[in-house]
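Throughout, read-outs are computed from the coordinates displayed, never taken from laboratory work. The model shown is predicted, which means the values in this text are computed figures rather than measured ones. Quick reminder, even Gly has a Cβ in these numbers, built from the backbone with ideal geometry, and neighbours come from all protein chains shown.
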Amino acid sequence: MNLDTKNSALKIRSIMERMVFIGGPPRSGTTFAAKSLNLHPEIITAIDDHVYECWGLYYYRDRVGLVDDLRENRLDKEEAAQKLESYLFHESFLMGAAPSDKLKEFPQLTTEDSSSTRLVRSVKDSGLVRHAVPVEEIPNDWYLCLKSPEVSHVLPQLSESFKESRFVLVYRPIIEIAESMYRTGNMVKRFAVFHNRWEQEWDMQKGFIPPPGVPAEWNEIWQTATRFQRCAMYAASYILSIIDGTNYLDPKQYFIYNHARLRNHPEEIYPKLAEFLEVDPSGFHSASSSINQEIPTAEPQLLREYAEINRILDLDSLEKKIYQLSIHNKN
């Protein structure tokens, strides 16, 4: 190993020690969180698609990636770190960094770029702008941010593999998440997402198979639940995983916030997030101006369906527990 290669390897290892994983239920504000962090002058977010996902963590369409490997115990902690490193870095470059003012001078990647380790796999992503950043150009005090909702289900495993990592975990009221999942599932026509996908998955006895992350004890309820109720159960499974997973983390390692609270009071959340990451709070100034203030609403029938599944699973108690966690963790 020559000196340049050795120095590059050491720098990559240093970058991997300053990672921020973003998790939380899908449709809860995780994409906005990743974009907010990427706007900060001291944070780079690596992405693979328009919703700022890192497919090295989890590629939803195929359900593959590091999260699935950790969930199935296929990798030990050293192998997990090596797998993510090989996905993110190629020939001394961080591949696929999201655009921002701090990266505008670095070369852009295209879907045909042979130096990239992965390809854009969605029509909506065909014009996605990403950058290749030389690792020696990344300051030692910058963070590398990776986002996937599935992070929520493997918090202890990720913490074990990346001991210096930090977790930004986002949630909002379960009914808001379920409404967004339900509406999105009805809108997307190219491929099945959320409830449309789940209805295509069944076992040999023609019973519906809950998606990964949904507790096994909810399986019987899943069989007879409505589409909207399954969306609520799916959202709740992430919150349950966050509540359980953070029991194994140092409280200094994670920051939980309610996206609905951010929507109304960004001046409260961003300073605390900056304090958690030990970065300049003014770096989040431009993020506040791009918050969507619209409050989603569910139709009366969906409200009735939610009330029923809430009664069965006591979803209110999950929301109270994660709220208490957010209060405890500087929020």
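Going through region 174-259, which chymotrypsin sites (Phe, Trp or Tyr not before Pro) have at most 12 other Cβ atoms within 10 Å and a DSSP loop state? Please list the in-between numbers first.
Details: sites: TYR182, PHE191, PHE194, TRP198, TRP202, PHE208, TRP218, TRP222, PHE228, TYR234, TYR238, TYR248, TYR254, PHE255, TYR257; in loops: PHE191, PHE194.
Sparse-neighbourhood loop chymotrypsin sites (Phe, Trp or Tyr not before Pro): PHE191.
Mind scanning LYS6/LYS163; LYS35/LYS147; LYS147/LYS321; LYS102/LYS252; LYS11/LYS272 and naming the pairs with a C-alpha gap bigger than 18 Å? Numbers along the way, then the final one.
Numbers: LYS6/LYS163 22 Å; LYS35/LYS147 10 Å; LYS147/LYS321 23 Å; LYS102/LYS252 28 Å; LYS11/LYS272 29 Å.
Pairs exceeding 18 Å: LYS6/LYS163; LYS147/LYS321; LYS102/LYS252; LYS11/LYS272.
Tally the DSSP beta bridges in region 9-328 and give the antiparallel ones as a percent, rounded to 5.
40 percent
Evaluate the charge dipole of region 174-245 about its Cα centre and quote only its size in Debye, nearest 20, assuming +1 on the Cβ of each Lys and Arg and -1 on the Cβ of each Asp and Glu. Don't skip to the answer; put the middle values down first.
On the way: 7 positive and 8 negative charges, 89 e Å.
Roughly 420 debye for region 174-245.
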Relative to the longest principal axis of the chain, what angle (0 to 90°, nearest 10) does the C-alpha long axis of helix 227-245 take? 50 degrees
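Suppose the chain between GLN223 and ARG13 were pulled fully straight at 0.36 nm per residue; how much longer would it get relative to their current alpha carbon spacing? Mind dumping the intermediate values first?
On the way: separation 210, 0.36 × 210 = 75.60 nm, distance 4.59 nm.
Using 0.36 nm per residue and subtracting the Cα-Cα distance, I get 71.0 nm.
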Under a Cβ-only charge scheme (Lys and Arg +1, Asp and Glu -1), can you give me the dipole magnitude of region 9-328 about the Cα centre, in debye to the nearest 20? 680 debye
Within a Gaussian network of the chain (alpha carbon springs, distance under 10 Å), most fluctuating of ARG227, ARG18, ARG61: ARG61
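For region 27-107, what is the charge dipole size about the Cα centre, in debye to the nearest 20, if Lys and Arg each add +1 at the Cβ and Asp and Glu each add -1 at the Cβ?
Dipole magnitude for region 27-107 comes out near 340 debye.
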GLN293 and SER317 label points (each 7 Å along its Cα→Cβ direction) are spaced in nm at 3.8 nm
Spin-label model distance (nm) - MET204 vs GLN108, 7 Å beyond Cα toward Cβ: 5.2 nm
Can you tell which of ILE174, ILE295, ILE22 shows the greatest fluctuation in a Gaussian network model of the chain with Cα springs below 10 Å? ILE295
Can you give me the angle between helix 266-277 and the longest principal axis of the chain, using Cα atoms only, in degrees from 0 to 90, rounded to the nearest 10? 50 degrees
Please compute, for the alpha-carbon atoms of region 9-328, the extent along each of the three principal axes and give them in descending order in Å. 55, 45, 36
